[in-house]
Amino acid sequence: MHHRKFCLCVSALFLLFSSYLGIFLSTANGEDENSAPKVSFFRQIRPIFQANCQGCHQPAKRGGDFVMTDFSQLKKGGETGMPAIVPGDPDSSYLLEQIKATDGKADMPKAAKPLSAGEVELVRRWITEGANDDTPKNAVTKFDMDHPPIYSNAPQITTVDYSPDGKYLAISGYHEVLVFNVSNWQLQYRLVGLSERIESAIFSNNSQFLAVAGGSPGRRGEIQIWDIAKKKLVLSRGVLYDTLYGASWSADDKLIAFGCPDNTVRAISVETGEQVLFNGAHNNWVMDTTFGLKDEHIVSVSRDMSVKLIEFKSQRFMDNITSITPGALKGGLYAVDRHPTKNEIACGGADGTPKIYKMIRDKKRVIGDDHNLIRKFGALIGRVYDVKFSSDATKLVACSSLDGKGELKIFNVSDGKELASLSVEKGGLFACDFSPDGKTVVAGGFDGLVRVVNVEDGKLIKQFSPVPIELAKK
Ligand code: HEC
């Protein structure tokens, strides 16, 4: 009986499925019923170039003086003067020659695995069919280092970070990171890359480099690494097809970890861009990461409400740092920061209460326990979006957002005492950081203004828009 039912089900499904297919094929074919649909640049070719080529061929990093993010430059080619793409003539298209593999090796992508035969064939077909650009107007890249965005109002701030040497402050903009010289609050660098959304911009421990996690929603996730003094993009690595979050540097500045919208934690090598860690223990977006002391662990927080400990060497999930008893946690977690000298972490999220935990459990878990908890701080309004230790580890800052209001609180780490606070009537706060000398805190959020706050009394020292605003002419 069972068997018979099963057969009926399968054949019904098959019928349903084939009729769907029928519909699909007839619309995709359009006018010509016999030929395969034309290759789409936007849907089929561009993703191949994004994933394999654009990291080295974009305005901020033009390998062989060849830019592949702008369609007219993509056709034209680079320093050799050979046309990269000749519509209708694949054999005269230099790009095709560069990606064709012989004996498992191809000139491009440089120092990487060649494209698959299927991908190369797709590019060939697209060129043969006329190499048309079907990119929708709203998906064309408009900005680069020579053409930074023009603002009519300040975009919301998602990340602020002081360089450890105290010289610079990095702030997210649209399509760019703005780097300020702290000594005179002048805008020093505008680092314009491919990603429109910047989720985190974090200085390396030696203050020389800036790691940026971000992307273009639904299209591309990206890690950028900038050499600050040279104002140069040293690495652009495409990862997945959506925005990336929460970048962090290893203590030796050789690795960058980040959170992904496919629920994974990953890390790449700064030198090569190669992936060196992949962990899929979370079951929702991973929002922030931090390395443990000596780079032996990575700690990640996620919208799945958990704080996870991953061992670097084995890439394996080791432990849930916080309690995982149902009901113990409320809502997702958005921020994690490691204590400057101990394997302890501060985290914050939807329950509004920043907490400090031991990273590594010294007692076996008992159901329902929250053994690693060291300290709970006073609640902020709404959700906590960022937490940071001061560099001497005596203080903790957290900021939050609720119904368009923001709050910032500074606490004593040793006894949890609230030292100062600041309320923002209009606009939540999403990012905060201590200056390395511990005297000021910087915060930003929905209204796009940078606030510099005196740690001692919570008074506002300075408030400004990080982006140049072109006032509408009246
Ligand atoms: C790791 C960096 C890197 C990646 C990835 C890369 N390229 Fe290149 N590409 C270069 C550099 C550097 C040159 C300059 C010549 C050289 O050094 O070999 C170059 C040169 C070229 C040229 C010659 C341009 C000219 O006219 O001089 C073409 C065409 C090209 N690349 C296509 C591609 C394509 C297509 C991909 C992706 C499938 C790709 N490259 C991926 C770094 C890269």
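Some notes on this structure:
- For the chain, alpha-carbon Rg and Dmax in angstrom: 25.1, 82
- Note, ³J(HN,Hα) from phi for segment 138-151, Karplus 6.51, -1.76, 1.60, rounded to Hz, x at Gly and Pro: 6, 9, 7, 5, 10, 10, 8, 4, 7, 10, x, x, 10, 10
- Alpha carbon centroid spacing (whole Å) that separates segment 326-366 from segment 68-112: 49 Å
- Working note: Cα atoms of segment 41-139, range along each principal axis, descending, whole Å: 40, 30, 24.
- Options Ala257, Ser306, Gln54, ranked by Cα towards positive dipole end of the chain, top entry (Cβ charges): Ser306
- Across segment 414-431, coupling constants 3J(HN,Hα) worked out from phi with the 6.51/-1.76/1.60 Karplus curve, θ = phi - 60°, read 5, 10, x, 4, 7, 9, 7, 8, 9, 10, 10, 5, 10, x, x, 9, 10, 8 Hz, and Gly and Pro carry x.
- Residue-span extension gain [Gln208 to Ala111] - 0.36 nm each, minus C-alpha spacing: 32.4 nm
- Here the Kirkwood formula, the inverse mean of 1/r across different C-alpha pairs, assigns segment 185-310 a hydrodynamic radius of 14.4 Å.
- Helical contribution to [θ] at 222 nm, DSSP H n ≥ 4, -39,500 (n - 2.57), averaged over the chain, rounded to 500: -4000 deg cm²/dmol
- Relative contact order, percent, segment 160-464 [alpha-carbon distance under 8 Å, six or more residues apart]: 9 percent
- Applying 1/(1 + (r/R0)^6) with r as the Cβ-Cβ distance of Asp227 and Thr353 and R0 = 41 angstrom yields a FRET efficiency of 0.60.
- Here Lys230 is the anchor, and the lysines within straight C-alpha reach of less than 20 Å, apart from those fewer than 8 places off in the same chain, are Lys61, Lys167, Lys254.
- Remark: relative contact order (segment 41-139) = 24 percent; criterion is Cα-Cα distance under 8 angstrom and separation of 6 or more residues.
- Other-chain or far-sequence residues with amide H under 5 Å of Tyr168's (modelled H): Ser163, Val182
- In Hz, Karplus ³J(HN,Hα) per residue of segment 256-269 (6.51, -1.76, 1.60; θ = phi - 60°; x = Gly, Pro): 10, 9, 7, x, 10, x, 9, 6, 9, 9, 10, 9, 10, 7
- Charges were assigned to the Cβ only: +1 to each Lys and Arg, -1 to each Asp and Glu. The resulting dipole of segment 41-139 about its Cα centre is roughly 340 debye.
- Relative exposure of Arg451, Arg124, judged by other C-beta atoms within 10 Å (fewest first): Arg124, Arg451
- Cα centre as origin, Lys/Arg/Asp/Glu Cβ charges: the chain dipole, Debye: 880 debye
- Segments 66-72, 430-436, 418-424 sorted - mean Cβ within 10 Å per residue, highest first: 430-436, 66-72, 418-424
Bear in mind that the values in this text are calculations on the coordinates, not laboratory data. As the structure is a prediction and not an experimental result, all values here were calculated from the model. Using ideal geometry, Cβ is built from the backbone for each residue, glycine included, and neighbour counts are taken over all protein chains shown.
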